[in-house]
1. Here are some residues: Asp87, Asp78, Asp61, Asp44. Which one is exposed (fewer than 14 other Cβ atoms within 10 Å of the Cβ), within 25 Å of the chain's Cα centre (by Cα) and either outside the structural domain of Arg122 (by TED's automatic domain parsing) or among the acidic types (Asp, Glu) (or both)?
2. For the stretch 135-170: of the residues being in a helix (DSSP H, G or I) and among the basic types (Lys, Arg), which is surrounded by the fewest Cβ atoms within 10 Å (Cβ to Cβ)?
3. With respect to Ala123, is the statement that it is assigned to a loop (DSSP other than H, G, I, E, B) and in contact (Cβ under 8 Å) with a residue 60 or more places away in the chain true?
4. Can you name the number of the only condition in (1) among the hydrophobic types (A, V, I, L, M, F, W, C); (2) under 18 Å from the mean Cα position of the chain (by Cα); (3) more than 30 Å from Pro172 (Cβ to Cβ) that Trp253 fails?
Amino acid sequence: MVDSGSEASSPTRILHVGLGGWGTDWERNAIPPVEEVERVGVVDAHEPTLRAAQRTLGLPDAACFTSLTEAAAQVAADGVVITAPMDLHVPLALEALEAGLHVLVEKPFAGTLAEARTAVERAEELGLVLQVSQNYRFYPAPQTVRRLVAEGAVGDLSVVHVDFRRWDHDEPVETYRHYAFPHPLIYDMAIHHFDLLRMVTGREAVSVYARTTDPPWSRYAEEASAVLVIELTGGLVASYRGSWVSRGPQTTWDGEWALEGERGRITFTGRGDDGPADDVVEVSLGGGAPEPVELPAMDLWGRSAGLRQFARAVRGGPAPDVTGRANLGSIALMEAAARSAESGRVEAVEQVEPSEQLGGVGQA
């Protein structure tokens, strides 16, 4: 943990747990831009994965471990970044918390709301930061749309439409782990869009109906495509169409959004492969032509912006936007959507306590 006598400007020392493909991407692209952190050790329970990462990163043996508890005992660290598979998120978070380490964990935080709460409550008992990397929040388009909606730029919202289309179906089924991911659309991708929906509207989900629309040739074990109807507080309804097997025009990772209101319409897209350069927001009023909205410049975005918030929170700064508690509403919607996909019925979204509700988002 951070020594109370430490200089506020000293970097936050992190252990990085989970060095598979996405974890390696964190090492290459997300961690290096953040000057406020110093990665002091890596952990992966799979020895071949650990050693491959060690060679790639040029790390000494003393910085490489197969056990988080062992790493925490041997390396002076303040926090841990967890990029392991989803089913290990909460167990690893609890292990880190018991070692006195603050936690930044990849999405989805957990597969169930009950599991997520165990880590949230333990972090609060110990007075430690628990943050979820909902990195799509940290791009200029959704931040701008959140502001526009809050300011009433198009009046009271009447409906929200979200479309996500990607083709991810070329790899052989024997070796491509994504095909076997639990609920690959809802857990792996729509969780981002669920979180953005809560963020930009400022509302919580009340119920959800999910209908899977997988073609017979899909290689995915569970849903690769689905259509959802989500009811939010205040009676606002959102439609969501998502697919990993779409041959239609490919969207950015945010997808294509339309928020319609009494006085006009807001559209946005973003989180492209080129960072904030792909973000676009347009507003049309009274049926007129859409006009582009100027977006704020960001020196860091996505995972890096969230990691900087984590580093500052660990050192006594403001709480991060997406604490584990603030993320519970997104997990509740994700869990209900998966239940609906299996049951074929409208499913209620478990409501979180007032203190568990929406996290804000600001310039990171």
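1. Values: Asp78 fails: exposed (fewer than 14 other Cβ atoms within 10 Å of the Cβ); Asp61 fails: within 25 Å of the chain's Cα centre (by Cα); Asp44 fails: exposed (fewer than 14 other Cβ atoms within 10 Å of the Cβ).
From the options Asp87, Asp78, Asp61, Asp44, the qualifying one is Asp87.
2. Of all residues in the stretch 135-170, those in a helix (DSSP H, G or I) come to 135-137, 140-151.
From what is left, the residues that are among the basic types (Lys, Arg) are 137, 146-147.
Values: Arg137: 27, Arg146: 19, Arg147: 16.
Checking each candidate, the answer is Arg147.
3. Numbers: assigned to a loop (DSSP other than H, G, I, E, B): no; in contact (Cβ under 8 Å) with a residue 60 or more places away in the chain: yes.
Against the criterion (assigned to a loop (DSSP other than H, G, I, E, B) and in contact (Cβ under 8 Å) with a residue 60 or more places away in the chain), Ala123 does not qualify.
4. Of everything listed in (1) among the hydrophobic types (A, V, I, L, M, F, W, C); (2) under 18 Å from the mean Cα position of the chain (by Cα); (3) more than 30 Å from Pro172 (Cβ to Cβ), Trp253 misses just condition (3).
The values are calculated or read from the model by the stated rules, or taken from the named source; none is laboratory data. Note that this is a predicted model, so its numbers are computed, not measured. Glycine also receives a Cβ, built like all others from the backbone with ideal geometry; neighbour counts cover every protein chain displayed.
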